[in-house]
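Please read the structure below before turning to the comments.
The values are calculated or read from the model by the stated rules, or taken from the named source; none is laboratory data. As the structure is a prediction and not an experimental result, all values here were calculated from the model. Please note: Cβ atoms are built from the backbone with ideal geometry, for glycine as well, and neighbour counts cover all protein chains shown. With ligands, DNA and RNA removed, areas are computed over all heavy atoms of the protein, side chains included. Shrake-Rupley method; radii C 1.70, N 1.55, O 1.52, S 1.80 Å.
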Amino acid sequence: MYEPAGSGAFDHALHDGTPMRMQWYFRKESRLPVAVQTWELPPGGIEGMHTHRADAPLDEVYFLLEGHAEMTVGEQRHTLRSGDAVLAPAGTPHDFRNVGDSNARVLVIWGPPGQRIDWAAFGSGRASAAAESL
């Protein structure tokens, strides 16, 4: 399956934040237990501080593709540059904001928390573990 950039993109505001341009990749086709989206926030744009409901917990990974941003997760504030990522675990208040002077593009992957997976059966999993031990 192929989905080009901008296909089905829409404007939407989340959690009392500012409107942003979003694309939800393979929303109808994927069987993965996660949503995969890109968000494009204008300068000063914010997602809005929020915590997901306890009866619908979500883990979220934010990966900054372009721009400069800040991410607050719980009591920690992180300054992000392109290539940086943040995990917002279920039940933790969090907010993403564009602090740059151009649009910020972020890849957001979210879904209900599940069991941790042992990635040792995969070559990249073993290589990652080896790199951590250096």
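Results, tabulated for the structure shown:
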read-out: Top-ranked residue in region 31-81 [being over 13 Å from the mean Cα position of the chain (by Cα) and small (Gly, Ala, Ser); ranked as nearest to Phe10 (Cα to Cα)]; value: Gly45
read-out: Test: residue in region 12-20 that is open to solvent by 30 Å² or more (accessible area, probe 1.4 Å), of a type outside the set (Phe, Trp, Tyr), under 27 Å from Ala129 (Cα atoms) and out of contact with any Lys or Arg (no Cβ under 7 Å at 6 or more places or on another chain); value: no
read-out: Number of the exception - Tyr62 against (1) assigned to a strand (DSSP E or B); (2) surrounded by fewer than 16 Cβ atoms within 10 Å (Cβ to Cβ); (3) not hydrophobic (A, V, I, L, M, F, W, C); value: (2)
read-out: Members of region 86-123 that are among the polar types (S, T, N, Q) and at pLDDT below 95; value: Gln115
read-out: Qualifying residue in region 69-85 (condition: in contact with a Ser or Thr (Cβ under 9 Å, 6 or more places away or on another chain), at pLDDT 95 or above and more than 24 Å from Met22 (Cβ to Cβ)); value: yes
read-out: Residue check, Ala35 among the hydrophobic types (A, V, I, L, M, F, W, C) and open to solvent by 60 Å² or more (accessible area, probe 1.4 Å); value: no
read-out: Inter-residue pairs, beta-carbon under 6 Å, first closer than 23 Å to Gly74 by Cα and in region 26-53, second open to solvent by less than 20 Å² (accessible area, probe 1.4 Å) and acidic (Asp, Glu), 6+ apart; value: Glu47/Asp95; Met49/Asp95
read-out: Candidate set from region 85-134 (those that are in a loop (DSSP other than H, G, I, E, B) and within 21 Å of Leu65 (Cα to Cα)); member that is least open to solvent (accessible area, probe 1.4 Å); value: Gly100
